[in-house]
Amino acid sequence: MVGGSNPSGPVSGSGDNMEEKEREERIKQIVSLIGDVLENVGMPRNIREAMESAKKKLDEEGGDIEVKIGIAINYLTEVSEDVNISPYARSQLWKILSALEAVKTRKSESE
């Protein structure tokens with residue numbers, strides 16, 4: 001190839017943009033999962049409120065995504081050991097927490 005240019009190579013910064021889009025998509029999936037769990041009518045009020053707060057925080061426009069994920073994790077962790085939560089809802093809550101931690105960890109590792 002003449003001139004040493006590499007048209008098939010990555011464009012500077014494009015990997016970061018793609019990674020950010022993947023994170024945003026993953027957050028949307030998590031928010032959707034929270035919405036699905038919230039449809040469970042037998043969920044105790046304090047757990048429902050924590051999940052709604054986490055969902056609202058993740059849906060907020062702007063702000064640092066790391067902070068939003070951390071706050072959402074905090075809301076959900078506080079209620080994850082509640083004795084009034086059904087086994088199904090608890091397992092879904094842990095699934096959501098795991099997904100949030102994975103998104104947060106993936107961002108930390110890429111820095």
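Any idea which of VAL41, VAL79, VAL31, VAL37 is surrounded by fewer than 17 Cβ atoms within 10 Å (Cβ to Cβ) and without any contact (Cβ under 8 Å) to a residue 60 or more places away in the chain?
Result of the check over VAL41, VAL79, VAL31, VAL37: VAL41.
Looking at (1) surrounded by fewer than 16 Cβ atoms within 10 Å (Cβ to Cβ); (2) under 19 Å from ARG26 (Cα atoms); (3) of a type in the set (D, E, K, R), can you tell me which one LYS57 breaks?
Single failed check for LYS57: (1).
Yes/no per residue for (1) at pLDDT 90 or above; (2) within 30 Å of GLU20 (Cβ to Cβ); (3) of a type in the set (A, V, I, L, M, F, W, C):
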| position | (1), (2), (3) |
| --- | --- |
| GLY42 | no, no, no |
| MET51 | yes, yes, yes |
| LYS68 | yes, yes, no |
| ILE71 | yes, yes, yes |
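Is it true that LYS95 is among the basic types (Lys, Arg) and without any contact (Cβ under 8 Å) to a residue 40 or more places away in the chain?
Against the criterion (among the basic types (Lys, Arg) and without any contact (Cβ under 8 Å) to a residue 40 or more places away in the chain), LYS95 does not qualify.
Condition test on ILE96, is it crowded, with 19+ Cβ neighbours inside 10 Å, under 18 Å from GLU20 (Cβ atoms) and at pLDDT 90 or above?
When the stated conditions are applied, ILE96 does not pass them.
The values are calculated or read from the model by the stated rules, or taken from the named source; none is laboratory data. What you see is a predicted model, and the numbers here were worked out from it, not measured in a lab. Glycine also receives a Cβ, built like all others from the backbone with ideal geometry; neighbour counts cover every protein chain displayed.
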